[in-house]
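The values are calculated or read from the model by the stated rules, or taken from the named source; none is laboratory data. Treat the numbers as computed from the prediction; the structure is a model and nothing was measured. For neighbour counting, all protein chains shown are included, and Cβ atoms are generated from backbone atoms with ideal geometry for every residue, glycine included. The accessibility values were calculated without ligands, DNA or RNA, using every heavy atom of the protein model including side chains. Shrake-Rupley method; radii C 1.70, N 1.55, O 1.52, S 1.80 Å.
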Amino acid sequence: MEYFIIENNGQQAGPFSQEQLVQKAITPETLVWAQGMKDWTPAWKIAELKTVLETVEAIKRSEERRVGKE
């Protein structure tokens, strides 16, 4: 499934694959829409994006640890 998002500047962007959403580092509050959805929905409410959000968080923690060691 491909997803559209509302970026920080308020602009709609997409479509994106789940892998691309990881690269864009979406947050739980990022508004997301996909075909078949009634309304824009925060990413944390979409079960299919749970892995995306967990991966983004893991990358963020890894980068914070790496920066902390420098």
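Whole-Hz Karplus values for region 52-57 come out as 4, 5, 5, 5, 4, 5 Hz, taken residue by residue from phi with 6.51 cos²θ - 1.76 cosθ + 1.60 and θ = phi - 60°; glycine and proline positions read x.
In this Cβ point-charge picture (+1 for Lys and Arg, -1 for Asp and Glu), the chain has a dipole of about 180 debye about its Cα centre. ALA43 sits among other residues whose Cβ lies under 15 Å from its own Cβ, and their net charge, with Lys and Arg +1 and Asp and Glu -1, is -4. Using the Cα gyration tensor of the chain, with a ≥ b ≥ c the square roots of its eigenvalues, what is the shape: rounded (a/c below 1.5), prolate (a/b larger than b/c) or oblate (neither)? It is prolate, given that a/c is not under 1.5 and a/b is the larger ratio. For the chain, the relative contact order works out to 26 percent when only alpha carbon pairs closer than 8 Å and six or more residues apart are counted.
Local charge for PRO15 was computed over the other residues whose Cβ lies under 15 Å away, with Lys and Arg +1 and Asp and Glu -1, and equals -3. Computed extension gain for GLN12 through LEU31, at 0.36 nm per residue and net of the alpha carbon distance, reaches 5.9 nm.
Could you please state how large a percent of the accessible area of the chain is carbon and sulfur, counting protein chains only and using a 1.4 Å probe? Walk me through the numbers before you get to the answer.
On the way: 2540 of 5200 Å².
Of all accessible area on the chain, carbon and sulfur atoms account for 49 percent.
Estimated from helices alone, the mean residue ellipticity of the chain at 222 nm is -12000 deg cm²/dmol (sum of -39500 (n - 2.57) over DSSP H runs with n ≥ 4, per residue).
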